[in-house]
Structures are given as C-alpha cells and as structure tokens.
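A short write-up of the structure that comes next.
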Amino acid sequence: MTAPSHTLSSEELLQHILTSLEDDKAEDVVQVDLRGKSEMADYMVIASGRSSRQVSSMSEHVVDRLKREHGRLCKIEGKDAGDWVLIDSGDVIVHVFRPEVREFYQIEKMWQSPADQASAQRN
C-alpha cells in the first residue's frame, strides 16, 4: 500500500471513484452534489453494472484502488449478493446496482429538486 502524499479533497476522491467506475465499464453513472443538503457526505455516486458479478467486481475495484493508491479505507456492504453495493469512502458515498434493482429503488429521485423531477418526467 502506498502512503498518500496528501489528504484527498472530496472532489479528488470523487474523480478517482468516477475513473475507477469508468475503467470497469459502469453504466448510467450519476453524481449527486450533497454539499449543503446532507451531513453524511459531500457527494453521492450512483452507477449500474450489467450483472451481479460486474456490480461486485466494480465495487471491489473501487475499494481496492482507494486503499492501494491513497491509503483510504472504505466500508462496503452488499458485495456478496451483488444486487446493490454500498461503499462509504467518507466524503463520497457510492451505490452500485444491477439495473432492475436501481430502477426499483430510484434513489436518484430522493435528491433531485422538484424542478429536476418535473423536467425528467417531461423527457
């Protein structure tokens, strides 16, 4: 494990997570800015994988890369089932879903403003 040269800002952490998900071919990646809306984190990332295996693998890669490259320890839940994996990296919360599970829970909608929801319904 490489010791981090500096503490990652929440924006830098977000970029590393997005890069890892992109490298692993995550689909429908959405980032939600939680600053001023929630005390739990600065950002939330929501992504989909095509199968339980891909969801688990992508999630494991995010956690492993953050630990290896930045010394950042994350909590991970749901990896064994692979339907919905939650990664808590501190400043960024990551949800990785199978598409049908993501559609069922629709957690993006909880964080949209009413104007965003109306716009999404029109499209």
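At-a-glance table
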quantity	calculated
Every residue from segment 7-45 that is over 17 Å from Val62 (Cα atoms), surrounded by 12 or more Cβ atoms within 10 Å (Cβ to Cβ) and of a type in the set (Val, Ile, Thr)	Val32
Matching option when the condition is touching a strand residue (DSSP E or B) at 6+ places or on another chain (Cβ under 9 Å) and either among the aromatic types (Phe, Trp, Tyr) or modelled with pLDDT of 95 or more (or both), among Glu100, Glu77	Glu77
Yes/no for Glu27 being more than 10 Å from the chain's Cα centre (by Cα) and free of Cβ contacts under 8 Å to residues at least 24 places away in the same chain	no
Criterion violated by Met58 - all others in (1) crowded, with 21+ Cβ neighbours inside 10 Å; (2) more than 12 Å from Phe97 (Cα to Cα) satisfied	(2)
Pairs, first among the acidic types (Asp, Glu) in segment 93-111, second at pLDDT 90 or above, C-beta under 8 Å, six or more apart	Glu108/Val30; Glu108/Val32; Glu108/Ile46
Subset of segment 66-78 [surrounded by fewer than 17 Cβ atoms within 10 Å (Cβ to Cβ) and not aliphatic (A, V, I, L, M)]	Lys67, Arg68, Glu69, Gly71, Lys75, Glu77
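The values are calculated or read from the model by the stated rules, or taken from the named source; none is laboratory data. Remember, predicted model here, so these are calculated numbers, not experimental data. Every residue, glycine as well, gets a Cβ built from its backbone with ideal geometry; the counts of neighbours run over all protein chains shown.
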